[in-house]
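Here is the structure we will look at, set down as C-alpha cells.
The values are calculated or read from the model by the stated rules, or taken from the named source; none is laboratory data. Note that the structure is predicted; figures quoted are calculated from it, not measured. All Cβ positions, glycine included, derive from the backbone under ideal geometry; neighbour counts span all protein chains shown.
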C-alpha cells in the first residue's frame, strides 16, 4: 500500500458523498450527497461549497454542454438550471418502480448520459438484482441498456471511448466488467470480467480512467484507491484516511489532482470514528506521473 499526502479539502460530513465531476470550464468540482439530496459545487480556489437541495435523493448527474446539468433523481431525469435553480422533468424512467433510485452514472464521448438504478433500501441477495442501466440520449430518449445489478457502480469509459466499464459493489458480487462500446449507436457488447475485486481488501465503488487508460477504483470498505491497468492488473494501491471512499474525479488545470468523495460517520464500522474524523468529507491528492482526461458533457 502506497502512502500519499491526502488533504481533506472540505469537511462536509456527507451521508454518502458521490458523483464527483470536474468542470474544466469553471475549474470547480461538482458532487452530490445521495440520500440527503444535495447537489454541490466546490471551488478549490476559495474553498467554498455551494449547495442546492434537490428535495429527494440524487444518484448522479451530468454537466450539460450548454450550461446547467441533468440530475438523476428518484423521479427520473431532470434538467437543472443553475441560475434559476429550476428543475424540469425530462423522463420519469422508472415510474412503475417506486422502490428504486439512481446510483452511479457517466457520460460517453458522444455526449450520452449513462445512469444506473438500485433499491432504495439497499441490495438484497435473496430478492435478486433489481438495478438497471439506462441511456439518456441527446434527443432525450431513454433506452434500457441492460439489467441484473444489485449495486451498480464504477461506470466510466476508456480514453478513446470504445471500452465501457461497470461494476457491482454488492459483497457477493464485487466485480468490474468491461464491454466493447460502439460510439455510433451506443451499443454494449462482448461482456467480460475486467477485475475480480476479491483480489484486494475493498469493494468497487466509483470509477475513473486516467490518461494512460488505467482504471481507478474507489475502494469502499478498504481504506484505499486502486489503480488497475488496461490488462486488468493492479499496479497501485493508495491508502486513504477514510474507510469508504466512493468516487474519484481528476481535476485541476492539468487534471493532475484526484478528488475523492466519501461516506460519512453514519455508515462506517462502529468504533472507527476516531480513526476517520473527516469521513463524509471531500479529499484531494496528487500521484506523480498520473493525470486524468477531461470528463465529457451531456450534449442534449
*Any chance segment 12-27 includes a residue that's assigned to a loop (DSSP other than H, G, I, E, B), touching a strand residue (DSSP E or B) at 6+ places or on another chain (Cβ under 6 Å) and surrounded by fewer than 20 Cβ atoms within 10 Å (Cβ to Cβ)?*
yes
*asked:* Among the residues that make up segment 185-200, is at least one of them within 20 Å of residue 221 (Cβ to Cβ), surrounded by 14 or more Cβ atoms within 10 Å (Cβ to Cβ) and within 16 Å of the chain's Cα centre (by Cα)?
replied: no
*Counting only residues that are free of Cβ contacts under 8 Å to residues at least 12 places away in the same chain and assigned to a strand (DSSP E or B), which one in segment 44-61 is farthest from residue 18 (Cα to Cα)?*
48
*Restricting attention to segment 263-273, does a residue exist that is within 15 Å of residue 205 (Cβ to Cβ), within 17 Å of the chain's Cα centre (by Cα) and in contact (Cβ under 8 Å) with a residue 12 or more places away in the chain?*
yes
*How about segment 202-300: which strands (runs of 3 or more DSSP E) wholly inside it have at least 2 residues that are crowded, with 24+ Cβ neighbours inside 10 Å?*
203-209, 215-220, 224-228, 245-251, 257-262
*When the residues of segment 235-262 are filtered to those that are over 20 Å from the mean Cα position of the chain (by Cα) and free of Cβ contacts under 8 Å to residues at least 60 places away in the same chain, which remaining residue is nearest to residue 14 (Cα to Cα)?*
254
*Residue check: is residue 62 modelled with pLDDT of 95 or more and either more than 30 Å from residue 122 (Cβ to Cβ) or surrounded by 17 or more Cβ atoms within 10 Å (Cβ to Cβ) (or both)?*
yes
_I'd like the full set of residues that are over 19 Å from residue 200 (Cβ atoms) and touching a strand residue (DSSP E or B) at 6+ places or on another chain (Cβ under 6 Å), limited to segment 160-179._
162, 163, 164, 179
*Would you confirm whether any residue within segment 141-150 is buried (at least 16 other Cβ atoms within 10 Å of the Cβ) and either in contact with a helix residue (DSSP H, G or I) (Cβ under 9 Å, 6 or more places away or on another chain) or closer than 30 Å to residue 239 by Cα (or both)?*
yes
